[in-house]
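Notes follow once the structure below has been shown.
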Amino acid sequence: MRIVAALGGNALARRGEAISAQNQRANAARAADALAPLITEHEVVITHGNGPQVGLLLDETEHDTSVPAYPLDVVGAETEGMIGYLVEEALTRRLPGTAFATLLTLTVVDADDPALRRPTKPIGPVLDEATAHRLASERGFTVARDTGGWRRVVPSPVPLRPLELRAIAHLVDGGFTVVTSGGGGVPVTLDAAGRPTGVEGVVDKDLAAAVLARELGASVLLLLTDVDGLYRNFGSPAAELIDRLDLGDAAAMLSGGGLPAGSMRPKLEAAVAFATAGGTSIIASLDDAVRALLGQAGTTVAR
């Protein structure tokens, strides 16, 4: 079976942890342990988030006054390489002899996408309100509430397709476990001749994973994060894990306004997009990846 497994950014840079190389390497090893049983039995393509890491590198480049700050597309590419290396290293240590490949990916977006003028995608560390507003004033960026505090937000255009789709498919067909579309891929627009130009934004990695899964003909999209699924009445004493949603129930949940942007909403949107195309989507904890595939954990979204 062909599976696309999307690792959340917080699965590699966990909430409350310093975004250090040591912590990310330890979390990559944990991810490798969770994914190894799937890789030995199935064709697996791995994507990953990069929100915390993008924020870290942007903070570093904005503090270095010796050179102009690096644009967001370049910083996104840096994180793709960094995280991809850590994930591939951990997987190869866990499964020596298995064929792995990490591919830096450009994701085509529409130059007229209105999302480019409306920052909503959280990046960087969680901040207290006073610090968030101070940094926004000093550096001219936008901040918004997020789980546990405030974060910087940037534009998040809709992914259309990975520019390297043929290369990804060729590697998967050749028996490679591929790490790709990191952070949703670097967003680019194309001119009439097909030449790319980087965009100041971050593609949602779950939506990009759904597009990739559809284009690769995957059977399952695993959206792996740091919580164990979707809940009804989340945050209340009546909270209840939802084990399965059909498309109608999922659409009702999205239209009901109970899942704001920056929460589990992008995951459910991605799950619905892939399920609408005929696949099965599962939102689950990284540690429950195997059980989720067996229907024993997480939230499954399907026709």
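Considering the dipole of the chain built from charges on the beta carbon (Lys and Arg +1, Asp and Glu -1) around the Cα centre, which of Thr79, Val227, Pro155 is farthest to its positive end?
Positive-most Cα among the choices belongs to Val227.
Would you mind working out the accessible area per residue for region 1-60, using a 1.4 Å probe, and quoting it in Å²?
For region 1-60, the per-residue accessible area is 35 Å².
Under unit Cβ charges (Lys, Arg +1; Asp, Glu -1), what dipole magnitude, rounded to 20 debye, does the chain have relative to its Cα centre?
320
Fully extended, how many nm does the chain gain between Tyr85 and Asp112 (0.36 nm per residue separation, minus their Cα-Cα distance)?
Answer, rounded to one decimal: 6.4 nm.
What value, in deg cm²/dmol to 500, does the helix sum -39500 (n - 2.57) over DSSP H runs of n ≥ 4 give at 222 nm once divided by the residues of the chain?
Computed mean residue ellipticity for the chain: -12000 deg cm²/dmol.
Take the solvent-accessible surface of the protein heavy atoms, probe 1.4 Å, and return the percent of it on region 1-42 that carbon and sulfur atoms account for.
Ligands and nucleic acids excluded, carbon and sulfur give 47 percent.
Would you compute, for the Cα atoms of region 51-163, the largest minus smallest coordinate along each principal axis and list the three values in descending order, in whole Å?
Projected onto its principal axes, the Cα set of region 51-163 covers 51, 34, 32 Å.
At 25 °C and 0.890 mPa s, what whole-number value in µm²/s does Stokes-Einstein give for the translational diffusion of the chain, with Rh from the Kirkwood sum over Cα pairs?
So the translational diffusion coefficient is about 127 µm²/s.
Please give the contour-minus-distance gain from Thr147 to Thr98: 0.36 nm per residue of separation, less the Cα-Cα distance, rounded to one decimal in nm.
Extra length from Thr147 to Thr98 when fully extended: 13.9 nm.
Can you work out the FRET efficiency for the pair Asn233 and Val290, with r the C-beta to C-beta distance and R0 = 35 Å, to the nearest 0.05?
Here the calculated transfer efficiency is 0.80.
In Å and whole numbers, how far do the C-alpha atoms of region 157-249 stretch along each principal axis, longest first?
The principal-axis extents, from largest down, are 55, 35, 26 Å.
Modelled label-to-label distance, Ala193 and Glu41, 7 Å Cα→beta-carbon offset: nm?
It works out to 5.0 nm between the two label points.
Under a crude label model (7 Å from the Cα following the beta-carbon direction), how far is Arg161 from Glu62 in nanometres?
3.6
List, in order, the whole-Hz ³J(HN,Hα) value for each residue of region 178-185 obtained from phi through the Karplus relation with A = 6.51, B = -1.76, C = 1.60 and θ = phi - 60°; use x for Gly and Pro.
In residue order, the calculated couplings are 9, 9, 7, 6, x, x, x, x Hz.
Order these peptides, 277-283, 199-205, by their mean beta-carbon neighbour count within 10 angstrom, highest first.
In decreasing order of mean packing, 277-283, 199-205 become 199-205, 277-283.
Which percent of the accessible heavy-atom area of region 72-126 goes to carbon and sulfur, probe 1.4 angstrom?
Carbon and sulfur: 55 percent of the exposed surface of region 72-126.
With the other protein chains left in place, how much accessible area per residue, in square angstrom, belongs to region 81-184 at a 1.4 angstrom probe?
50
Which distance in nm do the two modelled labels at Ala26 and Asp173 give, with both placed 7 Å along the Cα-to-Cβ direction?
Between Ala26 and Asp173, the simple spin-label model gives 4.3 nm.
The values are calculated or read from the model by the stated rules, or taken from the named source; none is laboratory data. No experiment lies behind these values; they were computed from the predicted model shown. So basically every Cβ, Gly included, is an ideal-geometry build from the backbone, and we count neighbours across all protein chains shown. Remember, those area values only see protein heavy atoms, side chains included, never the ligands or the DNA or RNA. Shrake-Rupley method; radii C 1.70, N 1.55, O 1.52, S 1.80 Å.
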